[in-house]
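The values are calculated or read from the model by the stated rules, or taken from the named source; none is laboratory data. Being a predicted model, the structure only gives us computed values, none of them experimental. We place every Cβ from the backbone using ideal geometry, glycine too, and count neighbours over all the protein chains shown.
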Amino acid sequence: MTSKLRILGINAHPHDFTHYAGTLGIHASQGDEVTVISMTAGANVHNEKLADELMKSPEQRDPDIMNRTAADYTDMKIDELQTACSYFGISDVRMLDFPEPFRLTTSENSIDALKAIILEIRPHIMITQSPYLLGQAHDYPNPTRDDHTETAFASLEARSQASIAVHGMTVPPHKIAVTYYPGVYFQRNQLDFVVDISDWFDQRVKAEETYISQGHTPEWSFRRMDVTLGNLGFMTGVKHAEGFVREKFEMLSGLPVPDSAIRDAEASHEEMVKSRLGN
Ligand SMILES: [Zn+2]
């Protein structure tokens, strides 16, 4: 077993990494190397302030927001992403800034870009967007390709290409040991495990507040984090948790029983209440 892990997080938009940022913080604080990629600047999908201004009549619109160029907005998004990553000890942040909406048909070169990063970083773990078109938490009646699923397709294809030796390559191919998807794209009963991120809750709230471009206020940020992370924590015996889905089943040497499950099963009612309050 390797002592230090290398983890690569691939996201469609700058805000997407926050859904597993507490887990990344745990690993970064243990000396593991973490890289966060955003495929796009997210300028078109999460520009809530511009959307709000456009709803108003022309004379009521805020000129500061209306006169911002796409480039200003991209710079703002990069700043927000770097600041949010810094709360979790992550400094290797890469904004690939592909056109939006992100689609493989218009950004075919994104596969080569990701492949090059995989061969450079040589991660043990890849966390990427969910490739599943159906069954997602913010679901639609019909399966819809969007920036997230297209990012998943690009990263899975890049992973596959990076693992194969081809003539002309100057570095050895690389196989990624494990791939996970953030639980936020799944129903709760589809999650495989959660990570206790209670110690990173304050940073999750701070990171959420950083995305001013998406209209996040301190009250909104605290409420959103406490409800979503608190829900998974409540179900699993801790204060706050982040959920994950495995790409595929694992080979083990026997039946797994996590220490946390034994602890929860043997806890008194008083201990059960305390663990969920973070005491
Ligand atoms: Zn997104």
- [ ] Looking at (1) within 16 Å of the ligand (Cβ to nearest atom); (2) without any contact (Cβ under 8 Å) to a residue 24 or more places away in the chain; (3) in a loop (DSSP other than H, G, I, E, B), find the lone condition where PRO172 falls short.
- [x] (1)
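Applying the selection to region 148-205, what residues are among the polar types (S, T, N, Q) and closer than 30 Å to PRO218 by Cβ?
Scanning region 148-205 gives THR151, GLN187, SER198, GLN203.
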Open item on the list: Here are the criteria: (1) under 15 Å from VAL194 (Cα atoms); (2) surrounded by 14 or more Cβ atoms within 10 Å (Cβ to Cβ). Tell me which single one ALA267 does not satisfy.
Closed with: (1)
- [ ] Could you tell me whether region 114-135 includes any residue that is more than 16 Å from the ligand (Cβ to nearest atom), on the phi > 0 side of the Ramachandran plot and without any contact (Cβ under 8 Å) to a residue 60 or more places away in the chain?
- [x] yes
Task: Of all residues in region 226-247 being in contact (Cβ under 8 Å) with a residue 60 or more places away in the chain and not in a helix (DSSP H, G or I), the one that is nearest to ALA267 (Cα to Cα) - done: HIS240
- [ ] Could you grab me the full set of residues in region 176-187 that are touching a helix residue (DSSP H, G or I) at 6+ places or on another chain (Cβ under 8 Å) and over 15 Å from TYR132 (Cβ atoms)?
- [x] ILE176
- [ ] With respect to SER213, determine if the residue is under 20 Å from the mean Cα position of the chain (by Cα), outside any loop (DSSP other than H, G, I, E, B) and modelled with pLDDT under 90.
- [x] yes
